[in-house]
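The values are calculated or read from the model by the stated rules, or taken from the named source; none is laboratory data. Please read all numbers here as calculations on a predicted model, not as lab measurements. Note that we place each Cβ from the backbone using ideal geometry, even for glycine, and neighbour counts take in every protein chain shown. Only protein heavy atoms, including side chains, enter the accessible area calculation; ligands, DNA and RNA are left aside. Shrake-Rupley method; radii C 1.70, N 1.55, O 1.52, S 1.80 Å.
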Amino acid sequence: MTDFSKFGLRVPEILLPKEIDTKTWSVVACDQYTQDKDYWETAKKIAGEKPSTLNLIFPEVYLNQDDKVQRIKKIKEAMASYIQSGIFAEPKAQMVYLERTTAYGRVRKGLVAALDLDSYEWKPFSSALTRATEATILERIPPRMEIRRGAPLELPHIMLLANDPQKILIEALGKKIKDRSDKPIYQGPLMQESGSIKGWAVQSDDDLKDAAAALQKLYEAGTKDGSAFLFAVGDGNHSLATAKAVWEEEKKRLKENGLGQEALEKSPVRFALVEIVNIYDDGLTFEPIHRVVFDSDFLALAEFVKDKLGGKVTELSNDEELEEKVKASKASFGFFFKDGTKQRRLLLETEIKDLAVSRFQPALDQFLKGQEKAQIDYIHGGDEVFRLGQKEGACGILLPPVAKNSFFDTIASLGPLPRKSFSMGEASEKRFYLEARRLF
């Protein structure tokens, strides 16, 4: 079989149910709808008594409940039961090419593979093949380790981004498979009006060699200053950091037991299932996450950021013009707040070449350190920014679109982005659990 170790990948042994009802088997990533118990209770009703990944994951909406230990125990028991009761077909060595049609009509293409955790590092300024895109909050890792540690199965919601403007990997592979009219290994709708999904096996020597050849070209293009940057973590930063931490534990245990390199290379715990997505995929939307600051001196804030970032401030007369000018630029910011009885709209235009948020957030943090009462919130959607910015004591801050062509370069030069830098689509567009793999 084709060797993908140079790229930090392996062809996984994929587990799928013998009979897949995608609407009841598949559920959205556990870190979505964290303030919406109704969503997850509805998911429970939809799944009913049928086999479902809902029974194999820990929705984070329940993380702070008192029954955490019992819930984790029940999850691992369900994993063992699904394996022993014959719900899964025999595992097959294959990658999976998939097409996810979202509720918004967008089609996102992906490739499911196993990532070698020794090729990944979340720490800033890493030279690893796979790197984090956002700062990792260490205290979020131990609770997740309790779930993964000793789990019989893993199911992926991690999404890695490939820097592939020519679309030579995933899109080319998908075209080849569909031109042959290969039969999907699964297809169907997803629950709660989240679109549909369809997947095809990638297992022939010819297909795998094509994938490796494309990865080699991306590897070469991503090599600078002696290190290759092949993948960036798009979704699931903390889940992948958790998998890495559990592997480091297991690696230590294997070494202490006198097991050699072969055991380290073959351990299932060394790998994590991921979906690779091209950052240039037409169906992948990158949305900025805006900011709202409360209880501060907003004129001073705009002036402080201008001094830090350079550029000029212009006052505009209406909301539409402010939003349009921010959207039309890769490096402009809009400030929207009340000054007495007057609504102010300030446009800060800069010459930043990196991703704008990577420069903006540190300046904002520095300003807020001197504002004892000031608070910050993170907002999806311009309409909500304008709504909040009309309130006394609030300043809505519009951030520009995320520039895909500077994404990898910014991470390579500046390290992981600040918290809440971008969102890959809406909550319902996030990855749904579907494929599984044996872990412990």
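Structure notes:
- Taking every alpha-carbon pair under 8 Å whose residues sit at least 6 apart, region 312-399 reaches a relative contact order of 36 percent.
- Where Cα atoms sit under 18 Å apart: lysine pairs in region 239-330 separated by 8 or more or lying on different chains: 12
- The alpha-carbon atoms of region 294-389, seen along their principal axes, cover 33, 28, 24 angstrom, with the largest extent given first.
- Highest mean packing first, where packing is the average number of other Cβ atoms within 10 Å per residue, the peptides 31-38, 18-25, 160-167, 298-305 line up as 160-167, 298-305, 18-25, 31-38.
- In degrees, nearest ten, helix 237-256 long axis to first principal axis of the chain (Cα): 40 degrees
- For Asp164, net neighbour charge (Lys/Arg +1, Asp/Glu -1) across residues whose Cβ lies under 12 Å away: +2
- Here's the list of lysines a cross-link from Lys183 could span, going by alpha-carbon distance under 18 Å and ignoring same-chain residues fewer than 8 apart: Lys18, Lys92, Lys109, Lys175, Lys198.
- The residue among Val233, Gly393, Pro418 whose Cα reaches farthest toward the positive pole of the charge dipole of the chain, with charges on the beta-carbon of Lys, Arg, Asp and Glu, is Val233.
- Size of electric dipole in region 49-177: Cβ of Lys, Arg +1 and of Asp, Glu -1, about Cα centre, debye, nearest 20: 320 debye
- Estimated dipole of the chain in Debye, rounded to 20 [Cβ of Lys and Arg +1, of Asp and Glu -1, Cα centre]: 640 debye
- Arg180, Arg431, reordered so the largest accessible area comes first (probe 1.4 Å): Arg180, Arg431
- Across the options Ala374, Ala114, Ala93, the greatest Cα extent toward the positive end of the charge dipole of the chain (unit charges at beta carbon of Lys, Arg, Asp, Glu) belongs to Ala93.
- Note on region 194-269: dipole from Cβ charges, positive end direction compared against Ala245, Ser267, Ala201; the farthest Cα belongs to Ala245.
- Euclidean distance of C-alpha centroids, region 419-440 and region 263-337, integer Å: 20 Å
- Of Met1, Met424, the order by accessible heavy-atom surface (1.4 Å probe, DNA, RNA and ligands excluded), from most exposed downward, is Met1, Met424.
- Rounded to the nearest 500, the helix-only mean residue ellipticity at 222 nm of the chain stands at -10000 deg cm²/dmol, with each DSSP H run of n ≥ 4 adding -39,500 (n - 2.57).
- Between Val107 and Asp38, the distance separating the two model label sites (each 7 Å from Cα on the Cα→Cβ line) works out to 3.4 nm.
- Net charge of neighbours whose Cβ lies under 12 Å from the Cβ of Ile137, counting Lys and Arg as +1 and Asp and Glu as -1: +2
- Computed over the chain: relative contact order in percent, which uses C-alpha pairs under 8 Å that are six or more apart: 23 percent
- Lysines with Cα under 21 Å of Lys391, excluding same-chain neighbours fewer than 8 positions away: Lys338, Lys342, Lys373
- Exposure rank, largest accessible area first [Glu265, Glu435; 1.4 Å]: Glu265, Glu435
- Estimated dipole of region 29-121 in Debye, rounded to 20 [Cβ of Lys and Arg +1, of Asp and Glu -1, Cα centre]: 340 debye
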